[in-house]
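Take a look at the structure below.
Laboratory data are not the source of any read-out in this text; all were calculated from the coordinates shown. Predicted model, so just to flag it, every value in this text is computed and none were measured. A quick note on method: Cβ atoms are made from the backbone with ideal geometry, for glycine too, and the neighbour counts reach across all protein chains shown.
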Amino acid sequence: MPAMVMSNAGPGGAKKFEGRITIYVVICGIIAATGGLMFGYDIGISGGVTSMDDFLEEFFPVVYERKHKAKEDNYCKFDNQNLQLFTSSLYLAALVASFVASKICTKHGRRLTMQAASVFFLVGVILNAAAVNIAMLIIGRILLGVGVGFANQAVPLFLSEIAPVHLRGALNILFQLDVTIGIFVANIVNYLVSNIHPWGWRLALGLAGVPATMLCLGSMVIAETPTSLIEREMLMEGLAMLKKIRGTDNVDAEYEEILHACEMARQVKQPFKNLMKRSSRPQLVIAIVMQVFQQFTGINAIMFYAPVLFQTIGFKNDASLLSAVITGIVNVLSTVVSVVLVDKVGRRFLLLEACGQMLITQVAIGGILLVNLKATNDLGHGVAVWVVVLVCLFVSSFAWSWGPLGWLIPSETFPLATRTAGYAFAVSSNMLFTFVIAQAFLSMMCHLRAGIFFFFGAWIVVMGLFVIFLLPETKNVPIDEMTEKVWKQHWFWKRFMDEEEDKKHSV
Ligand code: BGC
């Protein structure tokens, strides 16, 4: 019987907790979210550095020469597997690291995982900034990747767990907000250091140490989440921390619920095996698909390669970095829109609106380039400005939808028993497909030319249909009532749940 299955999900859900937002939670949230700054700074910096002449001349002389040949093909001048490997090696490392991080998160807590993240990241930064050969660059990138994998696993979970239930969406999106701020700061740094010769790129890569140091020092100050303490059987500490972050002694209901969720989680000896069960299928599919689709919007084609992209379509060096700064601002501000709206208008509305806006802008950019940009000409000034405007409209819709929700939805769909394991699949899918796009984009642009934008447009149609038919609304549903209120009610996904029920009844 459904009502008996989720005994902790009792009536009232979110309303029975007294939790309010305390200054302490806000400070912990802000500090933890600096993990997002590391991720974002990196996304922004690699595109900038790979379009700097000093950097190319030192490490990728072939690309450098091709870039400066007058008659080089507009769409192909940056196509170089090694150059792409520089950008994408980080994501491969992060992919593997997220699974290790999931175990550490469960065994040793979210806080320690964040500390480890910052240490790996810092060592990677030192290697990168001091690099004298490609090996140092790539090994540095791999260590940065381990840092990103650890941070992206621990930070969103940390934020979700310290947030009062009714503000979970908004607090979780602090992570994405920091990702966008990181990208924006990186774009400014790219712009400023591009005129410092010949070591501006070293400064750009070295400054990644700032967010990592912030996370390293900050994570010594912040609390561990009550869930993690209780999960590791530190019951008294967990209770005390819960009182502290909620700003009240009346936390019994929430404490009981965490205790109960931990009990259930403890019965699951192998979370990864449990994830493969039929009844975990809906959450697992949604977590992976949200991240895969997030990447197939084509966002990182823009984010990594914005400066390269803008140069390709005929902007000069400074102008293209400046355009990337503009898209960076749009990205940050539009993420704030999501923080405000996500718990009001709901996830599905934001995702579907964005599909419409992204489809129109991708097709328009593709159309403009198809008509105006041949292999060796420049776009006229007026047309180039239109491209930047369209890119901004595209980025804004991504930033209030697939960007934050790609992280939020997977973090709220799993029961505690499979949460860290399930979330590791979400993180690693993100990294895998970020890697694929980073590795393939410049070659795809070389072969598909303007058609690359239609390629992403086609994916946006697929994801829109997916949301319409297969993505349930999770707004305002308490995390531990998801199974009953969402999955068992959904026209398609309920069959997975029903069969589990059937099995139980037939035993
Ligand atoms: C994505 C990144 C992307 C960024 C852009 C994140 O949510 O995971 O791949 O570059 O948003 O703001």
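A93 sits among other residues whose Cβ lies under 13 Å from its own Cβ, and their net charge, with Lys and Arg +1 and Asp and Glu -1, is 0.
For K103 and K244, what is the calculated FRET efficiency with R₀ set at 30 Å and r taken between the beta-carbons, to the nearest 0.05?
Values: r = 27 Å, r/R0 = 0.91.
With R0 = 30 Å, the Cβ-Cβ based efficiency is 0.65.
Relative to the longest principal axis of the Cα atoms of the chain, the long axis of helix 494-506 makes an angle of roughly 30 degrees. Magnitude of the charge dipole for the chain, about its Cα centre and with charges confined to Cβ atoms of Lys, Arg (+1) and Asp, Glu (-1), is about 560 debye.
Cα-based Rg of the chain per 2.2 N^0.38 Å, rounded to two decimals?
Values: Rg = 23.0 Å, N = 507, 2.2 N^0.38 = 23.5 Å.
Computed over Cα atoms of the chain, the ratio equals 0.98.
Protection proxy ranking for 232-239, 397-404, 350-357, using the average of other Cβ atoms within 10 Å per residue and placing the highest first: 397-404, 350-357, 232-239.
Just list whichever of K243/K273; K107/K269; K243/K488; K103/K344 have alpha carbons separated by over 24 Å in the model shown.
Flagged as over cut-off: K243/K273; K243/K488; K103/K344.
Against the chain, whose longest principal axis is taken from its Cα atoms, helix 402-413 shows a tilt of about 20°. What the phi angles of the range 35-48 give under the Karplus curve with 6.51, -1.76 and 1.60, with θ = phi - 60°, is a coupling list of x, x, 4, 4, 4, x, 4, 5, 4, x, 6, 5, x, x Hz, glycine and proline written as x. At a Cβ-Cβ separation cutoff of 4.7 angstrom, cysteine residues of the chain with no neighbouring cysteine are C28, C105, C216, C262, C355, C392.
Calculated over the range 91-226, the projected area of the Cα convex hull averaged across directions stands at 8.6 nm².
Using helices alone, I'd like the mean residue ellipticity at 222 nm for the chain: each DSSP H run of four-plus residues gives -39500 (n - 2.57), total over residue count, nearest 500.
-25500 deg cm²/dmol
On alpha-carbon atoms, Rg over Rh for the range 274-430 using Kirkwood Rh? My calculation of the ratio gives 1.07. Between E237 and V62, the modelled labels are 5.3 nm apart [label points 7 Å from Cα along Cα→Cβ].
Angle of helix 317-341 to the longest C-alpha principal axis of the chain, folded into 0 to 90 degrees and rounded to 10: 20°. The range 245-262 and the range 393-469 have Cα centres spaced 35 Å apart. Of the peptides 223-231, 388-396, 283-291, the order by per-residue mean of other Cβ atoms within 10 Å, starting with the highest, comes out as 223-231, 283-291, 388-396.
Can you find, among I31, N190, V467, the residue sitting farthest towards the positive end of the charge dipole of the chain, where Lys and Arg contribute +1 and Asp and Glu -1 at Cβ? Going by the charge dipole, the pick is V467.
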